């Protein structure tokens with residue numbers, strides 16, 4: 001794990017991994033499902049747990065803004081506005097207990113919740129074609145709080161919010177556009193919290209993020225091209241399968 005006083009003495013291997021992670025984040029934010037699964041553990045390996053979230057957050061925001069610019073017209077605002085207030089509550093809860101939470105136990109809780117939710121969603125799909133789950137008042141609240149908590153603690157909210165939107169059976173572009181707006185709003189909200197409260201964003205981390213920006217944009221451009229080539233049914237089930245795998249990887 002590098003000392004930030006000597007950050008530019010990072011090995012070529014570390015810089016290669018950072019650039020690769022930035023590309024994968026860009027691809028993921030513009031709709032390529034699952035490609036960023038390894039980003040959180042790789043960045044944690046390089047910088048450590050809490051520090052890595054400070055390095056990663058501006059990279060995520062850069063990709064979020066690119067995705068919003070491209071897909072902003074496709075967002076579904078009704079489900080988004082239902083989940084956002086609860087997500088803010090999840091952020092506050094995570095900020096409050098973030099200094100005391102056991103990372104291993106937290107990841108197991110998140111992964112278990114994702115797996116249970118995914119099974120529930122698939123069961124609902126097979127039972128009938130109606131969107132029963134999203135109609136319950138607790139649905140947006142549960143996934144909003146869990147998503148906000150998960151993204152604040154470890155940037156692992158992707159699978160949680162994916163299940164929320166998959167249950168709504170949104171078309172591909174609407175799914176991507178709604179996801180883009182949700183994480184853009186949430187991640188921008190996290191920025192001052194991590195800067196002033198956790199203090200894991202500072203001059204050295206921002207310099208790394210600036211170097212990563214071209215790689216984020218490259219990944220975002222590649223992601224748009226790839227998503228355009230994926231058919232609707234294939235895309236939905238790719239997200240389901242990769243969300244399942246993501247939840248299993250959180251256990252590790």
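The numbers here are math on the coordinates, done by the rules we state, and not lab data. Source: prediction; values computed, not measured.
Observations on the model:
- Equivalent ellipsoid semi-axes - Cα gyration tensor, region 3-94, angstrom: 28, 17, 11
- Considering only Cα atoms, the convex hull volume of region 144-183 works out to 54 Å³ per residue.
- Principal axis dimensions, region 159-216 - Cα atoms, whole angstrom, descending: 42, 28, 16
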